[in-house]
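Some notes on the structure that comes next.
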Amino acid sequence: MIPVFDGHNDALTRPDHALLAERRSAGHLDIPRMAAGGMRGGIFAVFTDSPGDSYEPVDRGDGVLEFAYTQPLEHGAAAARAAEAAGRLLALERQGLLRVARAIGDVDLAFEGDGPPVAVLHLEGAEAIDPGLEALEFWYAAGLRSLGPAWSRANDFAHGVPFIFPSSPDVGPGLSPAGRALVRRCAELGILVDLSHLNGAGFWDVERLSLGPLVASHSAAHALCPASRNLTDHQLDAIGASGGLVGIVFSCPFLRADFAEDEDTPLELIVQHARYVADRIGVAHVGLGSDFDGTTIPRPLGDVAGLQKLLDTFAAAGFSADEIRAIAWQNWRRVLADWWSTGP
């Protein structure tokens, strides 16, 4: 079985999160199914919904599917909810079921099969951090090693890209001064900065700071599915030039050219996006970024237990054994090590 590192899941914030240690009857990911699929590591997101958001489509009348932009989230509420979710991950570590990654050696131990799977604690949207960044020090001490400045809404740091199909990601302003300070401090501490959900202007602001490899943990190719949240060729080129990585998302609406939220989506479509990115910037810049428990995924995959089936699909499409091992683990290991090497 090939060990897999997956770049994004939302299992910590599902309503049935208390069952993560068991084989849940619903959802995509739990610890027993991780073992069945060979998932030995992954980025576990902490995400807080905006109160009252219903994700209703906007009546545009031009054939474009746009969802109402998500309302901002108040810092205090985000901080409280994020602390609860992070506590769930730390409790699993205390039980010996997961190891929270604090250094690249923790990732290497998981790959070698030594001990439990490794989990990277991630904030999806930085609302739990105050603009003065005092809370960032606390979160780092608690194990935070990955952060997305914004989810698909605006906050004190950045402007998340709205959900529009089709659309360019060039919607809204770039990083605020507090956002630039956040990214710089993440680099100093050794916290990976994740560009998925960031709009085009924010992406290029991070690129110009040149602080580390550009990483989009759960995204796909705009050329194949022109959704606002997918990466344009220009963005892909910048990711490749920085030594970065695209975690190919498994989300059906961001894989399909028709944007359909349809489980009857072939696994080959995930591989097509991976092939497109690999052909443009190299296999070394491709990883997996499922978005398990946060989206609709292809029925043929089922859940995390189906990861080896997905790797078989990569092989059937012509990816070599070495390329598959790189996509499944080593490429993620490289960019994590690059970002974490600057920490205290």
query: Given H placed 1.01 Å from N in the peptide plane, which residues other than close sequence neighbours of Ala101 have an amide H under 5 Å from its amide H?
result: Ala119, Val120, Leu121
Surrounding net charge for Phe157, when Lys and Arg each add one and Asp and Glu each subtract one, Cβ distance under 10 Å: -1
- prompt: When the Cα atoms of region 67-141 are enclosed in a convex hull and the volume is divided per residue, what value in Å³ results?
  reply: 121 Å³
- prompt: Residues with amide H under 5 Å of Ser217's amide H, sequence separation 5 or more or different chain, H placed in the peptide plane at 1.01 Å from N; which?
  reply: Leu195, Ser196, Gly247
- request: At 1.4 Å probe size, with every protein chain present, just tell me what the per residue accessible area of the chain comes to in Å².
  value: 36 Å²
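What Kirkwood hydrodynamic radius do you get for region 35-92 when you take the inverse of the mean 1/r over all pairs of distinct Cα atoms, in Å?
For region 35-92, the Kirkwood estimate is 14.7 Å.
Could you work out the relative contact order of region 31-153, using alpha carbon pairs under 8 angstrom and six or more residues apart, expressed as a whole percent?
31 percent
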- request: Per DSSP H run of at least 4 residues, take -39500 (n - 2.57); add these up for the chain, divide by its residues and hand me the 222 nm value, nearest 500 deg cm²/dmol.
  value: -10000 deg cm²/dmol
query: So, counting K/R as plus one and D/E as minus one, what does the shell of residues with Cβ under 11 Å around Ala26 add up to?
result: -1
message: What whole-number distance in Å separates the alpha-carbon centres of region 175-199 and region 293-327?
response: 30 Å
- line: Mean separation of Cα contacts under 8 Å (at least 6 apart) over the residue count of the chain, i.e. the relative contact order in percent, is 19 percent
Cα-based Kirkwood hydrodynamic radius, region 1-155, one decimal, Å: 16.8 Å
- line: Heavy-atom accessible area of Glu112, protein chains in place, probe 1.4 angstrom, given in Å² to nearest 10, is 130 Å²
query: Where in region 6-55 are there trypsin sites (Lys or Arg not before Pro) that are in a DSSP coil and have at most 14 other Cβ atoms within 10 angstrom of their Cβ?
result: Arg23
query: Please state the relative contact order of region 125-221 as a whole percent: Cα pairs under 8 Å, 6+ residues apart?
result: 28 percent
Space enclosed by the convex hull of the alpha-carbon atoms of region 226-343, per residue, Å³: 113 Å³
Computed over region 126-185, Cα set: Rg, Dmax in Å: 12.8, 41
message: Quick check: at a probe of 1.4 Å, how many percent of the accessible area of the chain sits on carbon and sulfur atoms?
response: 53 percent
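Could you quote the convex hull projected area for the chain, Cα atoms only and averaged over all directions, in nm²?
With the hull built on Cα positions only, its mean projection is 15.3 nm².
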- request: Roll a 1.4 Å probe over the protein heavy atoms and report the accessible area of Leu195 in Å², nearest 10.
  value: 10 Å²
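Among the DSSP beta bridges whose two residues both lie in the chain, what percent are antiparallel, rounded to the nearest 5?
Bridges in the chain that DSSP calls antiparallel: roughly 15 percent.
The values are calculated or read from the model by the stated rules, or taken from the named source; none is laboratory data. Keep in mind that this is a model prediction, so the values were computed, not measured. Cβ: placed from backbone, ideal geometry, glycine included. Neighbour counts: every protein chain shown. These accessible areas exclude ligands, DNA and RNA; they are computed on the full protein's heavy atoms, side chains included. Shrake-Rupley method; radii C 1.70, N 1.55, O 1.52, S 1.80 Å.
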